[in-house]
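What follows is a short report on a single structure.
Read-outs: derived from the displayed coordinates by stated rules, not from any lab. Everything numeric in this text was worked out from a predicted model, so none of it was measured. For neighbour counting, all protein chains shown are included, and Cβ atoms are generated from backbone atoms with ideal geometry for every residue, glycine included.
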Amino acid sequence: MSGTITAVKELIVRAQFDDDPPDLNELIVIQNGHGTQLLVDHIESGGMAYCLNVRNDLRISKGMSVERTHKGIEIPIGDATIGRVLNALGDPLDGLEPITGDNTQRRDILKLPSRTSDFSMAAPEILETGVKVIDFFTPFVKGRKIGIVGGAGVGKTVLTMELINNIARSGAGLSFFAGIGERIREGHELFMTLKDNDLLKNTCMFFAQMNENPVQRSLIGISATTGAEYFRDEQHKDILFFADNMYRYVQARNELTTILDQVPNEGGYEPTIFSDVKILQDRLSSNENGSITSVQTIYVPADDISDPAVQFIQHEMDSIIVLSRKVAEQGLRPAVDLNLTSSSLLTPEIVGERHYVLTVQVQALLQKYESLKGIIAIIGENELSPADRADYAKAKKLITNFAQNMNVMTKHNGIPGDFFSREETLRSVEEIIV
Ligand SMILES: Nc1ncnc2c1ncn2[C@@H]1O[C@H](COP(=O)(O)OP(=O)(O)OP(=O)(O)O)[C@@H](O)[C@H]1O
Ligand SMILES: [Mg+2]
C-alpha cells in the first residue's frame, strides 16, 4: 500500500501509486529515514501523484518509497499561538518552542470549514483608523475588506503598519498578520514594533517571505486564515487580518505552475488561481460567530493596474485605496490617488448623512480639479471664472489636507505621527469646502 518516487524536478516530486492513491492535499511521507513530507498537488489517471516538496528537503531520490498519512497539513491552533511567529507549516520562526499542549488543536489548513447558512451582518460598525484619507474615503467597517493597491515602493507596507499600530492599539480584538513573499527584514521590523508597543499579546504572525520556497509562499495566507477562523468560530472573536502582499500569493502559485509544466490561462496566470483567490477571500469573512476585518496589500507589477490578478483581487474588496507614484513624487504622504480610491461602503446608512454628503461634494471638487488642471495648462489660472478659481483652490487645499505623518515613520524620520478622530477629519473637510 505504498508508492514509489519516479521523478524529482525542483520542488515537484512525482510518485506512482499502483493502488490506493492518496487524496488531493494529503501529505505523504518518504521512507528515507528523515520522514520527509510531500503535499499532493494533483493526481493523474493511473495513480501518478504530483507532489510538492514543502520543506525543500533535498534528501529525496528516484526509487524511494512513500506512504500515505491520510492527513493534510495540520498547524497548531489556539491561545498558545498568540504572540508567536509561525511559518506555513505551523513551525515557530521566533526561536521559541514548537506549539503543543492540551489546549492546542491541530487543523488541516486546506480543509474548507463548513459554510455557515445565510448570515446577515449586524449594524455596520466603523472603526476609527486615525488616518484621514482612510476614514474619509474608505471607512474601516468591521467585517469588511480594504485593499491597498500600488506599485513598488509607493507606501503600501508603511500604511499597513500604521493601521496595525493605530487599530491594534485601540484594543479592538485579535490581530493576524500574514507576511507573503515580501522583504525578510519587514517581518523583523513588525515584530519589534509590536513588541515595543506591547501589542504582541494580541497578535499572531505568519511569515513566508521572499526567501521561502513558492510552496510555503503559496500556503502562508491560507495558514494564517486557518488560525483566524478558529478564533472567530470557537472563541467568537472579532479578528483584524493584515496581509502583505496578496499579489505574492498569486505569484507563488504561478511559479509552481511553471515547474509543474501546466499551461497558464489568460494573462499568463495559473489556471485555477482565480477560484483559489476567491476561496481564500470567502474564508476571510464574517459569520454569526464573529468577524474578520481585513487589510490586504496588492502589488501592481510594472505599475499596470489592469493586470488580471490585480483586478481580480480588487473585486473581492469592499474598499480600494490606490497609492500612486505621481502623488508620492509631489511629496504627499500617504500617496493616495484620491480619484481612483473607492469604496462601496460610502453610503448614508453606513457612514451617516453628514459624512456621505461631504464625500459627494469632495469627489465632485476633485473631479473638477482634474479637468481644470488641463485647462490651466493651456490658458493659465487667471483666465478661470471666479467660481472655478475658488473650486480649484478648495480642491488643492483638500488634497494637502488628506496628507499626514505616520506614527510608524517617526523612528525613521523623527517627525511625530498624527492621529485624527473621525470628527476631526470631517470637520477639516467642512472647513475647506463651505
Ligand atoms: N507615509 C509615509 N511617510 C513617509 N515615508 C513613507 C511613507 N510611505 C512610504 N514612505 C517611504 O517609502 C518607502 C517605501 O514604502 P513601502 O515599503 O511602504 O512601499 P511598498 O509599497 O510596500 O513597496 P514594495 O512594493 O516594494 O513592498 C518607505 O521605506 C519610506 O521611506
Ligand atoms: Mg511593501
Open item on the list: Starting from the 7 Å offset along Cα-to-Cβ, what nm value, one decimal, do you get for the label separation of residue 415 and residue 192?
Closed with: 2.2 nm
Open item on the list: From the mean inverse distance of alpha carbon pairs (Kirkwood) and the Cα radius of gyration, derive Rg over Rh for the range 209-322.
Closed with: 0.98
- [ ] With a point put 7 Å past each Cα toward its Cβ, work out how far residue 357 is from residue 10 in nm, to one decimal.
- [x] 5.9 nm
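Place the peptides 215-226, 150-161 in order of packing, highest mean first, counting for every residue the other Cβ atoms within 10 Å and averaging per peptide.
Values: 215-226: 25.7, 150-161: 21.2.
Result, highest mean Cβ count within 10 Å first: 215-226, 150-161.
Could you tell me the convex hull volume per residue, in Å³, taken over the Cα atoms of the range 378-434? Please list the in-between numbers first.
Working: hull volume 6.0 nm³, N = 57.
Output value, Cα hull per residue: 106 Å³.
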Task: Computed [θ] at 222 nm, deg cm²/dmol, the chain (DSSP H ≥ 4; -39,500 (n - 2.57); rounded to nearest 500) - done: -11000 deg cm²/dmol
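Could you calculate, for the chain, the ratio of the Cα radius of gyration to the Kirkwood radius, expressed as Rg to Rh? Each step should come with its number before you reach the end.
On the way: Rg = 24.1 Å, Rh = 23.5 Å.
Reported Rg/Rh, Kirkwood definition of Rh: 1.03.
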Task: Two-decimal Rg to Rh for the range 248-399 - Kirkwood Rh, Cα set - done: 1.08
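Provide the FRET efficiency to the nearest 0.05 for the residue 288-residue 400 pair, computing r from the beta carbons and using R0 = 45 Å. Intermediate results must be reported in sequence, preceding the final value.
Details: r = 44 Å, r/R0 = 0.97.
E between residue 288 and residue 400, to the nearest 0.05, is 0.55.
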Open item on the list: At 0.36 nm per residue, and after removing the present C-alpha to C-alpha distance, how many nm does the segment from residue 315 to residue 383 gain when stretched out fully?
Closed with: 20.3 nm
TODO: Name the long-range amide H neighbours of residue 145: under 5 Å, sequence gap of 5 or more, or other chain; modelled H, no Pro or chain starts.
DONE: 294, 318, 319
TODO: Within 10 Å, count the other beta carbons around each residue, average over each peptide in 204-214, 360-370, and list them highest first.
DONE: 204-214, 360-370
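Quick check of the Kirkwood formula: for the range 239-278, what is the inverse mean of 1/r over all pairs of different Cα atoms, in Å? If you can, show how the numbers build up before the last one.
Values: mean 1/r = 0.0915 Å⁻¹.
Every distinct Cα pair counted, the radius reaches 10.9 Å.
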- [ ] Send over the semi-axes of the range 170-258's equivalent ellipsoid, whole angstrom and largest first, taken as the square roots of 5 times the C-alpha gyration tensor eigenvalues.
- [x] 24, 17, 8
TODO: Below 22 Å Cα-Cα, how many Lys pairs turn up in the range 63-185? Only count pairs eight or more apart in sequence, or on different chains, if you could.
DONE: 6
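Given the range 326-434, what whole percent of its Cα pairs are spread farther than 18 Å?
58 percent
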Open item on the list: Can you give me the convex hull volume of the Cα atoms of the range 265-329, divided per residue and expressed in Å³?
Closed with: 89 Å³
- [ ] Using only Cα atoms, locate the centre of the range 1-79 and the centre of the range 154-229, then give the distance between them in Å, rounded to an integer.
- [x] 30 Å
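May I ask you to compute the full-extension gain from residue 430 to residue 169, defined as 0.36 nm times their residue separation minus their alpha-carbon distance, rounded to one decimal in nm? Please report the intermediate quantities before stating the final value.
On the way: separation 261, 0.36 × 261 = 93.96 nm, distance 2.82 nm.
Taking residue 430 through residue 169 to full extension adds about 91.1 nm, to one decimal.
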